[in-house]
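> Below is one structure. I have some questions about it.
The values are calculated or read from the model by the stated rules, or taken from the named source; none is laboratory data. Fair warning: this is a prediction, and the values are worked out from it, not measured in the lab. Cβ placement follows ideal geometry from the backbone for every residue including glycine, while neighbour counts extend to all protein chains displayed. Please note that ligands, DNA and RNA were not included when accessible areas were found on the heavy atoms of the full protein model with its side chains. Shrake-Rupley method; radii C 1.70, N 1.55, O 1.52, S 1.80 Å.
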Amino acid sequence: MAGNENAVPQADHLTVFFASQTGNAESISRNIYEQAQERGFKSFHYVLNDHAKVDWDKEDCLVFVVSTTGDGDPPDNSTKFWRHLRKLKGVGLTKAKYTILGLGDTNYDNFCQTAKRLDTRLQELGASSFYPRGLADDATGLEETVDPWIKNLWPALAHQVISTPAIHDLPQPHLTQEEEKVVKDIIFKQEQDRRQSIVTSTLNSPKLLPKTAVAANGRDPIENTVEDLKNLTLTSPANPPITPATGYKIDVDFSTMANHANLTALPRVPNANLQIADLEADTVSRTPGSVPTFIQTPTKLMMATVNKVQCLTPPEALKRTITIEFGFEDDVDYAPGDAFGIWAPNNEALVRGVLSALNVSDTAAMKAVRLHGQGIPSHLQPVQSATLLDIFRYAVDLTSPPKKANIRLYAEHASDLADKQKLMFMASKQGADQFNAFRAQLPTFLDIMHTFPSINIPLARIIETLPPMQPRYYSITSSPMSKNGHRRWSCAFNVVTYDLPGGIHRRGVCTPWLDELAGQVPFGKAATTGFTTQRLPVFLKPNETRFNLPSDTTKPVIMIGPGTGVAPFMGFLEHRAEQRLIKKRLVNIGSGPRQHLDDHFGDMWLFFGCRHRERDWLFREQMEAYKRDGVLTELQLAVSREENVPNSAKYVQDLMRNQGKSIWNLIHKKGATIYVCGDAKGMAKAVHDELVNILVDHGGFEKMAAIMELNTWAQEKRYLRDL
């Protein structure tokens, strides 16, 4: 009896929160929520920014699934929650029991920083953990941590929350009757193939179209497509018709599949919640250049025009880099160091190819629909009136490699046994190598349909389970203090196109689209005509980490940014040049000695790296002009693919090593701020390690003390990174 008296009271419900940048955390949290419902737990599911919908005084059991973005930053859909959390005082969550599943990538510093920060803050507020925190690593595969963490969550929850067993509540791990049948079919087929030695002929045999592919009008999909093309009406007579993409066949070696009779760790298929309702309106009217109303952005959406474009690299350069200036009708308040997001659509040929593969006619693609259903993904909830064409353009991501849960879903809807076998195998623990090889080829959704042509999946299931489309972010390279600066900003980026073995061509979502709209200008002078008049959807993303110039202009600045990582620093330099002009006028320095002007401004050092000086030294003329005019105190150039370059080194960290004493003096004696921008996986870690070495070699620190000192500088915003 004494044990019962001391038992912890169970909560009557649990609440699952998520913070997600790309959709992974939301998908995993929804899986937990749905499984909790099936197991008889009364549960609720919210994005963290909806924290106000919850009465925190009555929350006794909380499950958080959170990802990390940038340099350890929380996702955009949790920023309001974090502001709220910072305002809370005392220990107001003493009743709450919680657990956290963090998603991150060990290729980046600050691995799972959001989860770690949340854990610390909840404990400060008096909450206690009822189940160990999980930290999943995308570098090795999220499933390796996520799957066992969720499996072992249920026994822990059983001690915390009252449950009412449901009819379909089954012990874990389990397979549904349909899954058991599929696995038995696979085993039977594998045994048959071994005995008859006809694996190759069986896997490559011609496939019949499923009966459901025949339309109500009696024509097959090919006949329908021909008929639809006859009736195709273009939205603009000036635009040529788009030829739908056909997709690539992804080759993976499945020869070891026959060695595995039992498949384990098959992921759970998400519940089918989404419904598509036809609206009375035949189409949705949308002015050219506008975007669907369902697009949600963290700050105000603005429509920009292309003012100017320049290609910064010659044809022989490894990468094509362009800079674009965007213009606005109204003033925009921003600061150098801020970024902006742009909402680019999926490639039009890819969209048309997907709709064609799904047997969606052009007429049906242009009809107005509404998406609805209890518990549908957050990015689909605002779709109240849109065409299927716009949903596949702007709402779902057609290019991200699939998750295992998607592969498992496609297996369920494959009518050909060979397709079903391969998909089920890739979704299992035994097929991990094949799954990774498949993902390594970055298959689009169209490639999946082309590789496994017997997949016949309802349209609503596809829309519901594809990842959400994400905006693409770019650093601003200009200053609002320059001429018309509040009505324009610039950015620079590499155009992402590349080829994989087997003749597979890949392209990014946003940068090729921007390049095409800007006229794909050749290398050379900036162009101000010859590109689109279309208005583009953008929004400002102020830098939350204070990656901006110091308000005290006398403080030195050390900028480290190879390649396009130099982008925000060009904004810094333009801003400082304007500040110097203003100061020159205010103090009436006139044409006197420059030293008097320099007294008002701290040193600016730039460490820049490229492969070849003549091919990819971005913004070379501007950099040299800033150096000549005294805006830039030191310009340090690293060249990685040229030998014997005077006053140079191979990488930016090598330059830093050569200038270690000067860097230490700027930091220690003059209070310099260090800025790092660019690749998080390689460059940022090498730069961080070199800063540690500088503190050891020139500051007299022990290595661990140097690491701690850099952490202190980061907290004090003297060491800032935009990665």
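> Helix 348-357 against the longest principal axis of the chain: what's the angle in degrees, Cα atoms only, rounded to the nearest 10?
The answer is roughly 10 degrees.
> Rg/Rh for the chain: what does it come to with C-alpha atoms and Rh from Kirkwood?
Details: Rg = 28.4 Å, Rh = 28.7 Å.
That ratio equals 0.99.
> Moving on. Only four residue types carry charge here, +1 at the Cβ of Lys and Arg and -1 at the Cβ of Asp and Glu. Report the dipole size of the chain about the Cα centre in Debye, rounded to the nearest 20.
Values: 80 positive and 82 negative charges, 241 e Å.
My answer is approximately 1160 debye.
> Going by average Cβ density within 10 Å per residue, which order do the peptides 75-83, 409-417 take, highest to lowest? Mind dumping the intermediate values first?
Details: 75-83: 19.6, 409-417: 21.1.
For the peptides 75-83, 409-417, the packing ranking is 409-417, 75-83.
> Pick out, from ILE407, LEU723, SER478, the residue whose Cα sits farthest towards the positive end of the charge dipole of the chain, with +1 on the Cβ of Lys and Arg and -1 on the Cβ of Asp and Glu.
It is SER478, whose Cα lies furthest towards the positive end.
> Quick one: what do you get for the stretch 286-371 if you divide its Cα Rg by 2.2 N^0.38 Å? List each step's numbers first, then the result.
On the way: Rg = 17.9 Å, N = 86, 2.2 N^0.38 = 12.0 Å.
That ratio works out to 1.50.
> Just to be sure I understand the model, the point goes 7 Å from the Cα along the line to the Cβ. What's the resulting ASP629 to GLU614 distance in nm?
In this crude spin-label approximation the distance works out to 2.9 nm.
> Per DSSP H run of n ≥ 4, the term is -39500 (n - 2.57); total these for the chain, divide by its residue number, and report the mean residue ellipticity at 222 nm rounded to 500 deg cm²/dmol.
Details: 24 runs with 239 residues, N = 723.
Computed ellipticity for the chain at 222 nm equals -9500 deg cm²/dmol.
> Next up: Put +1 on the Cβ of each Lys and Arg and -1 on the Cβ of each Asp and Glu in the chain; which of MET704, TYR98, GLY508 then has its Cα farthest toward the positive end of the dipole?
MET704
> Name the long-range amide H neighbours of LEU135: under 5 Å, sequence gap of 5 or more, or other chain; modelled H, no Pro or chain starts.
Residues meeting the amide H criterion: GLY102.
> Sticking with this structure for a sec: Could you let me know the centre-to-centre spacing of the stretch 527-541 and the stretch 694-710, using Cα atoms, in angstrom?
Rounded to whole Å, the Cα centres lie 47 Å apart.
> Now, a different point. For the stretch 626-672, rounded, prolate or oblate, judged on the Cα gyration tensor with a ≥ b ≥ c (square roots of eigenvalues), a/c < 1.5 rounded, else prolate if a/b > b/c?
Values: a/c = 3.21, a/b = 1.42, b/c = 2.26.
Oblate is the answer for the stretch 626-672, as a/c is 1.5 or above yet b/c matches or exceeds a/b.
> Roughly what % of Cα-Cα distances in the stretch 526-624 sit above 24 Å, to the whole percent?
On the way: 2081 of 4851 pairs.
For the stretch 526-624, the share of Cα pairs beyond 24 Å comes to 43 percent.
> Additional query: Can you say what percent of the DSSP beta bridges in the chain, counting only those with both residues inside, are antiparallel? Round to 5. Write out the running numbers ahead of the final one.
Numbers: 39 of 83 bridges.
Counting DSSP beta bridges with both partners in the chain, the antiparallel share is about 45 percent.
> Can you give me the pair-distance distribution of the stretch 603-718, C-alpha pairs, 5 Å bins, whole percents?
Taking every Cα pair in the stretch 603-718, the percentages come to 2, 11, 19, 24, 21, 13, 7, 3, 0.
> With every protein chain kept in place and ligands, DNA and RNA left out, what is the accessible area per residue of the stretch 412-500? Probe 1.4 Å, answer in Å².
Values: 3030 Å² over 89 residues.
For the stretch 412-500, the per-residue accessible area is 34 Å².
> Can I ask one more? For the stretch 452-543, count all C-alpha to C-alpha pairs, find those more than 22 Å apart, and express that count as a whole percent of the total. Before the final figure, lay out the partial values.
Working: 2168 of 4186 pairs.
So the pairs more than 22 Å apart make up 52 percent of the total in the stretch 452-543.
> Can I ask one more? If a/c stays under 1.5 just call it rounded; otherwise compare a/b with b/c (prolate if a/b is bigger, oblate if not). Do that for the stretch 352-481, with a ≥ b ≥ c from the square roots of the Cα gyration tensor eigenvalues. Kindly include the intermediate steps, with their values, before the conclusion.
Values: a/c = 2.04, a/b = 1.31, b/c = 1.55.
Oblate is the answer for the stretch 352-481, as a/c is 1.5 or above yet b/c matches or exceeds a/b.
> Now for a different question. What is the Cα centroid distance between the stretch 361-426 and the stretch 109-144, reported in whole angstrom?
30 Å
> If you don't mind, there's one more thing I want to ask. If all Cα-Cα distances of the stretch 527-573 are sorted into 5 Å bins from 0 onward, what percent lands in each bin, rounded to whole numbers?
Once binned at 5 Å, the Cα pair distances of the stretch 527-573 give 5, 13, 17, 18, 17, 13, 9, 6, 2.
> Here's something else I'd like to know. Within 10 Å, count the other beta carbons around each residue, average over each peptide in 624-631, 656-663, 13-20, and list them highest first. Walk me through the intermediate numbers first.
Numbers: 624-631: 15.2, 656-663: 17.8, 13-20: 24.8.
Top to bottom by mean Cβ count within 10 Å: 13-20, 656-663, 624-631.
> Taking the Cα centre as origin and putting +1 on Lys and Arg beta-carbons and -1 on Asp and Glu beta-carbons, what dipole magnitude results for the stretch 544-638, to the nearest 20 debye?
On the way: 14 positive and 13 negative charges, 27 e Å.
Here the stretch 544-638 has a charge dipole of around 120 debye.
> What nm value, rounded to one decimal, do you get for the distance between THR545 and ALA156 when each label is placed 7 Å out toward the C-beta?
Rounded to a tenth, the inter-label distance reads 2.9 nm.
> Measure off, as a whole percent, the carbon and sulfur share of the 1.4 Å-probe accessible area of the chain, all protein chains present. If you can, show how the numbers build up before the last one.
On the way: 17470 of 34790 Å².
For the chain, the apolar C and S fraction of the accessible surface comes to 50 percent.
> Related question: What number comes out for the charge environment of THR465, summing +1 per Lys or Arg and -1 per Asp or Glu over other residues with Cβ under 14 Å away?
+1
> Just to verify a number: FRET efficiency for ASP12 and VAL54, C-beta to C-beta distance, R0 = 25 Å, to 0.05? Please list the in-between numbers first.
Working: r = 14 Å, r/R0 = 0.57.
Result of the calculation: an efficiency of 0.95.
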